[in-house]
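Notes follow the structure.
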Amino acid sequence: MNRQKAEKKQTEISVIGSGIAGITTAFHLGKKGYKVNLIDPTVNSKINNLTPKNGTQSSLGVLMGNIYKRSTGRAFSLRNKSMKLWKEWINQINYPGSNFLFEKPFIKLASSEKEYESMIELSKNKKEYGIELLDKDSLDFWNSIFETKLTGGLISHEDGRLNPIQLIKLLMHSLDQIKINKIEKNVIRIKKNSGSQNKSWRINLENNQSIDQDYIIICSALNTQKLLKPLGHEILLEPILGQVIELELENKNENWEKWPAILNYQSINFIHQHHNHMLIGATVERGTNPSLLYKQEMLKMNNTAPKWIAKAKIIHEWSGIRAKPINEPAPLLKHLEPGLLINTGHYRNGVLLAPACAEWIELKIEENNIN
Ligand SMILES: Cc1cc2nc3c(=O)[nH]c(=O)nc-3n(C[C@H](O)[C@H](O)[C@H](O)COP(=O)(O)OP(=O)(O)OC[C@H]3O[C@@H](n4cnc5c(N)ncnc54)[C@H](O)[C@@H]3O)c2cc1C
């Protein structure tokens with residue numbers, strides 16, 4: 001074993017929070033050879049969206065990486081990098097028989113002339129990203145589905161969806177393969193050790209247990225502020241809620257095979273599930289209580305809902321909370337002090353941006369170890 005590899009094996013890192021930010025950070029650091037603990041009271045809980053344990057399990061897993069108007073800046077590079085990394089990572093986490101796929105494409109329908117004008121602009125600027133305007137046949141198809149006369153729409157061939165439940169299960173399986181230690185506990189407190197101690201940080205867990213570590217990566221969404229305040233780091237986050245509804249449609253639609261991975265119309269995502277089931281979501285609501293009004297508005301679609309939605313039966317619904325940074329752009333990627341980093345504040349696009357954010361953390365640790 002070379003010296004660098006041996007040093008990494010000696011470097012102990014705890015990742016706090018096992019949502020998508022924490023799991024992918026642990027995965028990436030583990031692959032690079034670090035000794036990693038992933039700490040979360042729900043780390044071994046059943047992964048599902050019937051009773052989602054965190055923002056990630058509530059998510060729809062839509063990846064809109066390419067359909068983005070900017071071509072420079074931090075947000076663009078995180079998206080761009082993540083879209084490339086997801087392709088590699090899906091190959092790494094799949095095992096014989098798992099057949100996990102990046103479902104594509106993504107179609108967006110314009111709800112106004114103005115929206116269509118910006119789609120025309122995007123299709124010109126992002127042609128090489130696989131984005132083009134919908135042709136007449138496609139528009140006719142969507143007109144009949146939504147019983148309307150649409151101005152236009154856009155298809156992004158390389159955007160789509162990662163089913164979040166399958167994704168988390170596969171990532172968790174990969175964490176076991178690369179020997180990430182999962183600790184099913186709540187972190188109560190983190191503090192700095194004195195200079196004379198071997199490891200710089202102490203993590204206090206519930207039941208009076210504690211572990212000493214070289215690095216701590218905080219990926220605990222809204223709870224991040226509570227863990228950091230005693231250390232003098234003021235991180236401000238507010239809760240943003242999202243709702244998803246699963247509908248059972250009255251008739252089996254023979255057009256399912258034409259349905260893309262994601263259809264987005266009036267800012268609502270429509271995801272065809274098996275048989276005549278459809279997921280619709282997600283809302284963006286301030287606070288922590290799901291509002292009936294938002295749900296009703298989503299179902300009414302500005303009083304343009306087609307009959308198949310109006311007649312559908314709600315068979316399941318859920319909501320999830322995500323952490324939005326106050327006065328700062330999401331996500332929060334910060335190296336707060338030696339050995340203490342955060343990867344949080346993913347109120348939107350947390351699944352999309354996860355690989356690039358995990359890589360950012362690893363590069364910071366690498367830089368720090370070299371200096
Ligand atoms: C309805 C809905 C739909 C969405 N759709 C999409 C989408 O289509 N595409 C997309 O990219 N994003 C989507 N999102 C956003 C995405 O879900 C979030 O950005 C992402 O899940 C945030 O992940 P996270 O790891 O930061 O937080 P979380 O998934 O919330 O995980 C935080 C974890 O930290 C743990 N934790 C907290 N405190 C402690 C502590 N003291 N000790 C130990 N562990 C702790 C919690 O138990 C939790 O498991 C959606 C969100 C919702 C709610």
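A few remarks follow.
- Number of residues in segment 54-103 that are within 17 Å of residue 168 (Cα to Cα), of a type in the set (Ser, Thr, Tyr) and within 16 Å of the ligand (Cβ to nearest atom): the value is 4.
- Scanning segment 171-190 for residues that are surrounded by 13 or more Cβ atoms within 10 Å (Cβ to Cβ) and not in a helix (DSSP H, G or I) returns 178, 180, 181, 182, 183, 184, 185, 186, 187, 188, 189, 190.
- None of 307, 324 is at pLDDT below 95 and charged (D, E, K, R) except 307.
- Test: residue in segment 151-164 that is assigned to a helix (DSSP H, G or I), under 30 Å from residue 109 (Cα atoms) and modelled with pLDDT of 95 or more: yes
- Which listed residue is on the phi < 0 side of the Ramachandran plot, more than 15 Å from the ligand (Cβ to nearest atom) and out of contact with any Leu (no Cβ under 6 Å at 6 or more places or on another chain), from 324, 311, 334: 311
- Of the set (1) within 12 Å of the ligand (Cβ to nearest atom); (2) loosely packed, with under 14 Cβ neighbours inside 10 Å, all apply to residue 268 but (2).
- For segment 239-249, a residue qualifies if it is assigned to a strand (DSSP E or B), away from the ligand (no atom under 14 Å from the Cβ) and touching a helix residue (DSSP H, G or I) at 6+ places or on another chain (Cβ under 9 Å), and exactly one does: 247.
- Complete set of residues in segment 197-227 that are closer than 17 Å to residue 19 by Cβ and more than 10 Å from the ligand (Cβ to nearest atom): 216, 217, 225
Residues checked against (1) over 25 Å from residue 318 (Cβ atoms); (2) in the same structural domain as residue 300 (by TED's automatic domain parsing); (3) in contact with a Leu (Cβ under 7 Å, 6 or more places away or on another chain):
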| residue | (1), (2), (3) |
| --- | --- |
| 212 | yes, no, no |
| 222 | no, no, yes |
| 247 | no, yes, no |
| 260 | no, yes, no |
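- Scanning segment 268-286 for residues that are at pLDDT 95 or above and outside any strand (DSSP E or B) yields no hits at all.
For (1) assigned to a loop (DSSP other than H, G, I, E, B); (2) in contact with a strand residue (DSSP E or B) (Cβ under 9 Å, 6 or more places away or on another chain); (3) surrounded by fewer than 21 Cβ atoms within 10 Å (Cβ to Cβ), each residue gets a yes or a no:
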| position | (1), (2), (3) |
| --- | --- |
| 23 | no, yes, no |
| 28 | no, no, no |
| 38 | no, yes, no |
| 42 | yes, no, yes |
| 46 | yes, no, yes |
| 51 | yes, yes, yes |
| 56 | no, yes, no |
| 69 | yes, no, yes |
| 76 | no, no, yes |
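- Contacts under 7 angstrom Cβ, first residue in segment 168-193 being within 23 Å of residue 48 (Cα to Cα), partner of a type in the set (Phe, Trp, Tyr) and in a helix (DSSP H, G or I), 6 or more apart: 171/27; 174/27; 175/27
The values are calculated or read from the model by the stated rules, or taken from the named source; none is laboratory data. Every value quoted in this text rests on a predicted model; they were computed, and no experiment measured them. Quick reminder, even Gly has a Cβ in these numbers, built from the backbone with ideal geometry, and neighbours come from all protein chains shown.
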